[in-house]
Every structure is written in structure tokens, then in C-alpha cells.
1. Using a 7 Å offset from the Cα along the Cα-to-Cβ direction at both M38 and N9, what is the distance between the two label points in nm, to one decimal?
2. Report, in degrees rounded to the nearest 10, the 0 to 90 angle that the Cα long axis of helix 24-56 makes with the longest principal axis of the chain.
3. With r as the distance between the Cβ atoms of Q22 and Q48 and R0 = 35 Å, compute the FRET efficiency 1/(1 + (r/R0)^6) and round to 0.05.
4. Hey, of [x] 43; [y] 14; [z] 36, which did the structure itself give for percent of Cα pairs over 21 Å apart when calculated?
Amino acid sequence: MFVSLCLLNAAFLSNESVANTQDNTACVFIALVLHYSMLASFTWFFIQALHMYLWLIRQNVTITNYVRKITVLGW
């Protein structure tokens, strides 16, 4: 989640300098990075909420390869 939020901040901070250029591909690339990092950060927030639900409410749930599965889902 930290990586996706750092990527979001880096893309957001470079957004103004890219918007002032005439290059359309750079603008499209920044838009893709912004959208992907927002989606990844929202997905990581959902995974954290699901993890807290499983930990607090359903305490005896065991999922094999749990970390691998949530990492693939998060990215």
C-alpha cells in the first residue's frame, strides 16, 4: 500500500509539469499511472478491511497461501 501511495504522490506532483508540455503521450502516461495507483491504493484499503474482519469477527478462518493471494489481489 505504501508503494501505491508513493506512486500516486509522485504522479500527482509531476502532473503540472507534464500538463504544460505539448506531448500527449506523457499526459496519457501520467493519467494511467494516476488511475492505476488510485485503484491499487483502494484495493489495498479493501484488503486491510477484509483482513481486520477475518481477524476480529471470524477468528478461526485459515486460508492457505494467504499473503500470496492478497498480494496478487492488491497489485
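1. In this crude label model, M38 to N9 measures out at 1.9 nm.
2. Tilt of helix 24-56: around 20 degrees.
3. Details: r = 41 Å, r/R0 = 1.17.
After rounding to 0.05, the efficiency reads 0.30.
4. This structure yields the entry labelled [x].
Quick note: the coordinates plus some simple rules give every number you see, no bench work behind them. The structure displayed is predicted, hence computed values, not measured ones. Backbone-built Cβ (ideal geometry, glycine too); neighbour counts: all protein chains shown.
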